[in-house]
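Notes for the one structure printed next.
The values are calculated or read from the model by the stated rules, or taken from the named source; none is laboratory data. Since this is a predicted model, take the numbers as computed values, not measurements. Cβ sites come from the backbone with ideal geometry, for glycine too, and all protein chains shown count toward neighbours. Areas reflect the complete protein model, heavy atoms only, side chains present, ligands, DNA and RNA absent. Shrake-Rupley method; radii C 1.70, N 1.55, O 1.52, S 1.80 Å.
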Amino acid sequence: MEHQVYVPAPASRLREALADPARVARAVPGLQQDAGAAPGTGRLKVRIGSHSITYRGSLRVSAHDDGSYALDGDATEARGTGTVKLALTFRLADRDGGCAVTVTGTASADGRVAELPAEAVESAATRLLSRFAEALGEAVEPTAPDAPASVYETEVPPAPDRVTEPVEEPVVEPLPEIFAEAAHARRTMIGRSAEEVDHAPPRGRYAPVPAPQTVVGASALRWAAPAAALALASAIVVTRALRRRR
């Protein structure tokens, strides 16, 4: 296979990226790096037409004496027995303010990818290589040299000298008479049950004043009612007698 990609970045930037295995792994689109594994080892989901195949494998880059770079990779289907092997060569050349990346090599595969149309497989491979070359040319923000690697490595400034000042004790003033009486009433309730304390009537200054009694006693009402009824009956009898005489 042979494929060429134009990257709007100088060739020196792509050479620096290809010399760093970690940057090479980050440039592979969709690569999920395995925790604790070497850079370039993990899972890659490749979309070919309307099909998606997930591979698990590794990728290695090495430099040649002529300035080119060799990219070797092998992977196995995550859900199957199909395998893929790559042996590619990258050549970089400055051109029109950018870099022309020429990719040549061979690729062999079996399994599910062998059952798909050759045009769809070739289109997916060229698209993957183009995105990989463009990602290599992206600028990487340099890390500040003075920035600590971790918050735990940050130097903590020494604490300022503390001046010990004498603490003044608060002056306890005698309680007024009203508070003293309330405190005495509280002390007399200690030792009683909760019901006695809640329902005990207040004493002393806080005792309730009984309301004046304005209701007539029951004994007076007992004799007043019959007398009034007798007088009313007598008046009715006299009135009827006078009407009959007329």
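Some values worked out for this structure:
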read-out	value
Considering residues of segment 49-58 that are open to solvent by less than 80 Å² (accessible area, probe 1.4 Å) and touching a residue at least 12 places away in the same chain (Cβ under 8 Å) only, the residue nearest to Glu134 (Cα to Cα)	Ser58
Among (1) in contact with a helix residue (DSSP H, G or I) (Cβ under 7 Å, 6 or more places away or on another chain); (2) under 20 Å from Tyr6 (Cα atoms) - the single one Arg26 does not satisfy	(1)
Of the criteria (1) β-branched (Val, Ile, Thr); (2) open to solvent by 40 Å² or more (accessible area, probe 1.4 Å); (3) at pLDDT 90 or above, which one Val84 fails	(2)
Members of segment 2-21 that are surrounded by fewer than 16 Cβ atoms within 10 Å (Cβ to Cβ) and either on the phi > 0 side of the Ramachandran plot or part of a strand (DSSP E or B) (or both)	Glu2, Gln4, Tyr6
Total residues in segment 110-121, condition part of a helix (DSSP H, G or I) and touching a residue at least 12 places away in the same chain (Cβ under 8 Å)	5
Pair list, Cβ < 6 Å and 6+ apart or interchain, from segment 59-84 residues that are farther than 29 Å from Arg112 by Cβ to residues that are charged (D, E, K, R)	Ser68/Arg91
Set Val61, Val28, Val24, Val46: member being open to solvent by 40 Å² or more (accessible area, probe 1.4 Å) and β-branched (Val, Ile, Thr)	Val61
